[in-house]
Amino acid sequence: MQHGTIPGADRALVVDDHEISRHFTVAALRQGDLRVKHCADAGQALQLARDWLPKIIVLDIQLACRDIDGQQLAAEILQIWPGMTERPLLLALTAQPSLLNSTPGSRGLFDHVLRKPLSSKALWTAIGSKHPEHHETCLPEAGGQLRALFHQELQQRLPQLDACMTRLDLAGVAAITHQLTASCALCGAEELRKKMYRLNRSCRREIGNSQLSRDYFSLVSAVRRYLAEANREAMPTPTE
């Protein structure tokens, strides 16, 4: 596939409905002085692609909006792309690369498949340019914002997780913990990541409700400790 001088292009579009993942990718791209626009909506993504003609497009494959996923969105972008303009570098972002391999015609859509949780180094390697010096988990300029989003996400998703566990909706528990596992990794919350992953894995195995409950309450306790510690650190220090 020919893309011209992609590493020197100054426009990139990020399409991801997971807010923390989207902001991390945007921050990673801006490390290289790219102009970046981002959205979570397929309709807006199509409009930006048509009007802005970004040279790099990063698409979340598990996009859940407007009854269209990332693979379908990539195909639609290529359909509306001007014939006289070099096609963009298309990067697939997914926690399940096997989804691409199982879908006919999908492999020809994307130039590279990047696994979630993403690292800045992997992103810049896929682009074909030397990555900036500052990379990996929680980029310095975005770290505070990402952690704030992460704390908000935990507070919002914990009641949803509890509701799913109450009605033994294991598919719902798996979906929530799958997304939160990526958030934990991006924000450096390693203990929570391990417990999220353990509960996610337990939902997919026949281990019995007793073990499932232990994994769940272990996770909830860890989340509450994490948020309590974050709140203490955020409190202003008393002055004498």
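Observations on the model:
- When the range 46-71 is filtered for residues that are part of a helix (DSSP H, G or I) and either within 16 Å of the chain's Cα centre (by Cα) or surrounded by fewer than 19 Cβ atoms within 10 Å (Cβ to Cβ) (or both), the ones remaining, listed by number, are Gln47, Arg50, Asp51, Trp52, Gly70, Gln71.
- In this structure, Thr94 does satisfy being modelled with pLDDT of 85 or more, touching an Asp or Glu at 6+ places or on another chain (Cβ under 8 Å) and not aromatic (Phe, Trp, Tyr).
- Tally, over the range 166-196, of residues that are open to solvent by less than 20 Å² (accessible area, probe 1.4 Å) and aliphatic (A, V, I, L, M): 9
The values are calculated or read from the model by the stated rules, or taken from the named source; none is laboratory data. Model, not experiment: these values are computed from the prediction. When we count neighbours, we look across all protein chains shown, and the Cβ atoms used for this are built from the backbone with ideal geometry, even at glycine. Protein only, heavy atoms only, side chains kept; ligands, DNA and RNA dropped before computing areas. Shrake-Rupley method; radii C 1.70, N 1.55, O 1.52, S 1.80 Å.
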